[in-house]
Structures are given as C-alpha cells and as structure tokens.
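Since every read-out is calculated from the coordinates, none of them should be taken as a lab result. What you are looking at is a predicted structure, and each value in this text was computed from that prediction instead of being measured. Glycine also receives a Cβ, built like all others from the backbone with ideal geometry; neighbour counts cover every protein chain displayed.
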Amino acid sequence: MKITVMGDGAWGKTLAFVATKAGHEVAIWSRRNPIHWACDATILAVPAQAARSVLPNVNSPVIISAAKGIERGTGFTMAELAKQLKPSAEFYALSGPSFAADVMAGLPTAVTLAGPTLHSATQWAAALSLPTFRIYASDDVTGVEIGGALKNVLAIACGISDGKGLGESARASLITRGFAELSRYARKMGAKSETLIGLSGLGDLLLTSSSTKSRNYAFGLAIGQGASSAEALAKAPGVVEGAHTAAIAVKLARQHEVDMPIINAVHAIIDGGSNPAEEIAKLLARPVSVEFK
C-alpha cells in the first residue's frame with residue numbers, strides 16, 4: 001500500500017521506517033516538504049496542537065493518528081478533530097509504551113491500534129506490525145486516545161517528584177493514584193476498563209513516568225530540580241505534549257465532574273506559577289479515604 005507519514009520528527013521517521021519494513025511504499029510529509037499524492041492511509045505523527053493545521057492536507061481514506069494529546073483550545077481529541085475536518089475518513093488511534101530510539105534499534109515493542117471496528121483495526125494492525133513492533137487491535141478509540149494524552153501530564157508529576165527527591169515509593173504512589181484519575185475520566189467519557197489497563201493506558205504510563213527518555217518526565221524532573229516551567233520547556237529537546245494538555249485536562253475534568261487532584265497540581269505548577277512544594281503539601285493534606293469507590 002501507499003502510506004503518507006505526516007511529520008518528520010523522531011516518531012514520524014520511526015513510523016515511516018516501520019511502514020517501509022512492513023512492505024509499504026512510504027513518503028514523509030512535512031511543512032518543508034509538503035508532498036501531495038493519493039495514498040491508502042495517512043499516519044498523523046505531529047504534535048496534537050499542530051494537528052488542526054495539518055489535517056486539511058490529508059489525501060487518503062484512512063487516518064492513523066499517533067498524536068498523544070487533546071487540542072487545548074477546543075478540548076477535542078484527535079478523533080473528534082478528524083471528524084470535524086475529514087468526516088469521510090476512517091480514523092484509527094495508535095498508542096502505547098514506545099520510544100522512537102527503541103523501535104529504530106529493533107528492540108521489542110508492543111502498542112495498540114484502535115479503530116471503528118475490531119475487524120478493521122486487526123487488519124491494519126497486521127499490515128503495519130513487525131516481529132519486534134507488535135500491534136494489538138482494539139475498537140476503543142476513546143480509551144486509547146485518553147490514555148495517551150493524560151499519561152503525559154502524569155509523567156510530569158512523576159518527574160517533579162523525582163526532581164524533588166521524594167523517592168521511588170512516592171513515584172509508585174503517583175503512578176497508581178494518577179492512573180486512578182486517568183481511569184475515572186476515561187470511563188466517564190465511555191472508555192473500556194480493559195483498554196485502560198492495557199498497553200495504551202497503564203503500559204504507556206509506566207514507561208513515560210519513569211525514564212528521562214520521556215520528554216514529559218524530563219520536563220517535570222527539571223521543574224522539580226528548581227527550573228521554572230519556561231526554563232524547563234526551553235531545555236526540552238522537542239514538544240512536551242503534557243505541558244499543553246494539563247490545562248485543558250483540568251477544564252474537561254471540571255466540566256464532567258471528575259476529581260483529578262494530581263493533574264490539577266501539575267496544571268497549577270506549569271500554568272499557574274504555583275510552587276511544587278506547595279502543591280505537594282496540598283496533595284499530602286488531602287483527607288485519607290477508601291481506595292476504591
């Protein structure tokens with residue numbers, strides 16, 4: 001098949017590599033090289049906040065989004081944005097615990113591809129899988145997208161905690177309680193619980209929240225070590241999706257009456273100028289409650 005990869009960053013080049021190794025004819029679209037050719041599918045590998053300006057250039061019946069974020073101005077997921085701008089296209093969401101360098105090195109990696117039906121998602125997963133890049137199929141686009149977006153904000157929280165030297169136990173608690181926040185919101189939006197405990201939910205959160213290869217974790221780590229949000233962003237080697245998602249995640253959580261204290265704290269630090277120590281104190285001062293309700 002003919003496949004266009006939109007985005008020439010590290011992840012775009014990696015997915016172009018995967019698609020080529022899987023036997024497809026691949027071209028990379030970028031603003032510097034805005035190719036126009038009819039193709040069978042387009043892989044959207046640009047930052048979520050750039051997707052609105054890029055999607056009008058799609059020239060295929062299938063869109064596979066590898067963007068992990070929520071549009072800040074509208075609160076749209078990439079599926080909702082594609083429905084608005086390319087309503088006739090079939091939409092798929094690709095997400096999971098995967099660093100570009102690991103995939104390019106041929107190290108074993110597993111991700112999830114969600115589509116309109118399990119049958120179609122299975123077909124595309126098979127078409128793009130490699131022996132070391134395993135793609136599992138799902139029909140829960142909502143769960144895959146929300147998991148991919150909110151885990152970035154939670155990874156910032158874990159980076160801040162480690163930067164402040166709070167220890168591995170604190171990080172484990174943040175991951176677990178943060179996952180509970182992610183799950184509450186995702187279920188409220190119609191996601192399946194099994195998706196959230198899978199690769200695109202818990203799996204991606206575990207990876208992103210514990211490695212300096214993660215831009216979101218590294219951004220939080222810099223803040224925890226004393227950098228301002230602006231200074232940490234300036235040091236980042238690329239787009240920090242979680243920094244753009246935090247504010248809209250808080251707004252959506254309030255709109256849908258979902259309690260997300262950790263994500264609120266991240267938003268207060270990076271958008272509200274709050275001090276990490278102050279937000280940590282607020283979290284520790286929350287009343288002790290039952291774990292599951």
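Just grab the label-to-label distance for K235 and K21, each label 7 Å out from Cα along the Cβ direction, in nm (one decimal).
Result for the modelled spin labels: 3.2 nm.
Does region 195-259 come out rounded, prolate or oblate by the C-alpha gyration tensor, with a ≥ b ≥ c the root eigenvalues, rounded set by a/c under 1.5 and, if not, prolate when a/b is larger than b/c and oblate if not?
Working: a/c = 2.41, a/b = 1.29, b/c = 1.88.
Verdict is oblate for region 195-259.
Quick one: what do you get for region 144-284 if you divide its Cα Rg by 2.2 N^0.38 Å? List each step's numbers first, then the result.
Numbers: Rg = 13.6 Å, N = 141, 2.2 N^0.38 = 14.4 Å.
Rg over 2.2 N^0.38 Å, computed on Cα atoms: 0.94.
Based only on other Cβ atoms within 10 Å, what is the fewest-to-most ordering of V266, V141, V288, V103? Display every interim value, and only then the final one.
Details: V266 34, V141 24, V288 5, V103 21.
Neighbour counts put them in this order, fewest first: V288, V103, V141, V266.
Picking from I3, L94, I28, whose Cα lies most toward the positive end of the charge dipole for region 1-96 (charges on Cβ: Lys, Arg +1; Asp, Glu -1)?
I28
Sort H24, H267 by Cβ crowding within 10 Å, fewest neighbours at the top. Don't skip to the end; give the middle numbers.
Details: H24 17, H267 24.
Ranking H24, H267 by Cβ neighbours within 10 Å, fewest first, gives H24, H267.
Under 26 Å between alpha carbons: how many lysine pairs meet that in region 149-257, if sequence neighbours fewer than 8 apart on the same chain are excluded?
11
Treat the count of other C-beta atoms within 10 Å as a stand-in for reagent exposure and order I269, I280, I43 from fewest to most.
Working: I269 24, I280 19, I43 28.
Ordered by Cβ neighbours within 10 Å, fewest first: I280, I269, I43.
Would you tally the net charge around G143, using a Cβ to Cβ cut-off of less than 15 Å, leaving G143 out, and scoring K and R as +1, D and E as -1?
On the way: positive: K68, K151, R184, R187, K188, K192; negative: E80, D139, D140, E145, E181, E194, D204.
Computed value for this residue: -1.
Starting from the 7 Å offset along Cα-to-Cβ, what nm value, one decimal, do you get for the label separation of H256 and S53?
Result: 2.8 nm between the two label points.
Projected onto the charge dipole of region 144-284 (+1 at Lys/Arg Cβ, -1 at Asp/Glu Cβ, origin at the Cα centre), which of F219, V250, L283 gives the Cα projection farthest towards the positive end?
It is V250, whose Cα lies furthest towards the positive end.
Compute, for the chain, the length of the dipole vector about the Cα centre, with Cβ point charges of +1 (Lys, Arg) and -1 (Asp, Glu) only. Units Debye, rounded to 20.
Values: 27 positive and 23 negative charges, 43 e Å.
With only Lys, Arg, Asp and Glu charged at Cβ, the dipole is about 200 debye.
Given a cut-off of under 8 Å on Cα pairs at least six residues apart, what relative contact order in percent is computed for the chain? Let's see the in-between values first.
Numbers: 584 pairs, mean separation 45.6, N = 293.
Averaging sequence separation for qualifying contacts and normalising by length gives 16 percent for the chain.
Going by average Cβ density within 10 Å per residue, which order do the peptides 82-94, 204-216 take, highest to lowest? Please list the in-between numbers first.
Details: 82-94: 18.3, 204-216: 20.8.
Answer by packing, highest mean first, reads 204-216, 82-94.
Pick from S53, S228, S65: which is most flexible by mean-square fluctuation in a GNM of the chain where alpha carbon atoms under 10 Å apart are linked?
S53
Can you pull a Stokes-Einstein diffusion coefficient for region 2-139 at 20 °C (1.002 mPa s), Rh from Kirkwood over Cα pairs, as a whole number of µm²/s? Intermediate values should be presented prior to the final figure.
Values: Rh = 14.8 Å.
In µm²/s, the coefficient is 145.
Mean Kyte-Doolittle hydropathy of -0.5 or higher plus an axial Cα length of 27 Å or more: which whole DSSP H helices in the chain meet both?
Values: long enough: 141-163 (34 Å, 1.03); 168-188 (30 Å, -0.55).
For the chain, where a helix must reach 27 Å along its axis and average at least -0.5, the hits are 141-163.
Tell me the mean residue ellipticity at 222 nm calculated for the chain from its helices only (DSSP H runs of n ≥ 4, each -39500 (n - 2.57), averaged over every residue, nearest 500).
It lands at -14500 deg cm²/dmol.
Post the alpha-carbon centroid distance, region 248-293 to region 5-70, in whole angstrom.
Between the Cα centres of region 248-293 and region 5-70 lies a distance of 35 Å.
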